[in-house]
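Notes follow once the structure below has been shown.
What follows draws every value from the coordinates through simple rules; no lab data is involved. Nothing here was measured: the structure is a model prediction, and the numbers come from that model. Note that we place each Cβ from the backbone using ideal geometry, even for glycine, and neighbour counts take in every protein chain shown.
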Amino acid sequence: MEVYWLDQAEKPFAKATVVCLGMFDGVHLGHQALLMEGKRIAMEKNLALCVHGYDTLPVNFLNRKGRIPELTTLEEKLDLFEQLGADIAAIDRFNDSFSHMSGQDFIRDIVMGKLNAKHVVAGFNHRFGYKADSGRDELEAYCKTYGIGLSVISPITASSGALVSSTAIRRAILENNLELAAQMLGRPVDKAMEERVRGIH
């Protein structure tokens with residue numbers, strides 16, 4: 001898997017891509033569903049599977065006083081992306097300039113302009129752009145405007161019936177329900193993740 005820092009990428013990707021969008025905190029079952037759908041489309045259309053991510057959780061940049069513990073480090077995310085079949089990981093630095101980019105500019109300049117996207121895969125509740133100005137409806141409109149295909153992944157539930165989310169996983173760990181957290185992650189909770197969530201250093 002190739003890893004690109006987009007602030008250093010001067011030219012658009014040569015190969016056309018399917019781009020998976022998300023925060024990917026934990027790379028849980030919901031994120032895995034995104035990547036599996038992306039891989040299916042990539043193979044069907046002879047595209048490269050690209051995962052777009054950030055160097056930090058955007059919420060932690062925007063709200064520095066009340067930081068949320070990240071389930072997975074960037075290095076761990078990259079390892080998991082590779083295991084799930086990604087060809088490219090495209091990482092943006094979430095900084096002041098990036099935080100002021102509108103959702104439409106993000107799709108036009110980054111997803112289409114830099115990543116050469118022909119198809120996008122996102123979760124049902126994914127929001128992006130300045131002050132989270134864009135969600136599913138806006139994404140559908142942008143993709144239609146720029147001629148990009150779109151797949152939206154429905155909510156994913158664990159075997160217990162619990163709705164899978166990074167927030168729910170953190171809550172389960174704090175409540176010492178590691179079995180539920182593991183169900184939602186699709187793998188056991190490792191010690192480092194548990195310590196990060198509990199604030200143990």
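Things worth noting here:
- Normalised by the number of residues in the chain, the mean separation of alpha-carbon contacts (under 8 Å, six or more apart) gives a relative contact order of 26 percent.
- Considering only D92, D137, D105, the Gaussian network model of the chain with Cα springs below 10 Å gives its largest mean-square fluctuation to D137.
- Relative exposure of K77, K118, K65, judged by other C-beta atoms within 10 Å (fewest first): K65, K118, K77
- Extension gain, S99-K65: 0.36 nm per intervening residue step, less the Cα-Cα distance, totals 10.5 nm.
- Per-residue HN-Hα couplings for region 173-185 [Karplus 6.51, -1.76, 1.60; θ = phi - 60°; Hz; x = Gly/Pro]: 5, 5, 8, 6, 9, 5, 5, 5, 4, 5, 4, 6, 6
- Put simply, when 161-173, 26-38 are sorted by average Cβ atoms within 10 angstrom per residue, most first, you get 26-38, 161-173.
- The angle between the Cα long axis of helix 29-45 and the longest principal axis of the Cα atoms of the chain comes to about 30 degrees, rounded to the nearest 10.
- Excluding same-chain neighbours fewer than eight residues apart, the aspartates and glutamates reachable from K191 by a Cα-Cα span under 14 Å are E70, E76, E179.
- Taking a straight Cα-Cα cut-off under 28 Å and skipping sequence neighbours fewer than 8 places away in the same chain, the lysines within cross-link reach of K114 are K11, K15, K39, K45, K77, K131, K144.
- Cα convex hull, region 157-201: 58 Å³ per residue, rounded to a whole number.
- For region 29-51, backbone nitrogen atoms closer than 20 Å to the point 7 Å from L74 Cα along Cα-to-C-beta are found at 50-51.
- Against the set (i) 16.4, 50; (ii) 16.7, 54; (iii) 16.4, 47, the structure's computed Rg and Dmax of the Cα atoms in Å falls on (iii).
- Candidates per GluC sites (Glu not before Pro) in region 91-177, loop by DSSP, up to 11 other Cβ within 10 Å: E175
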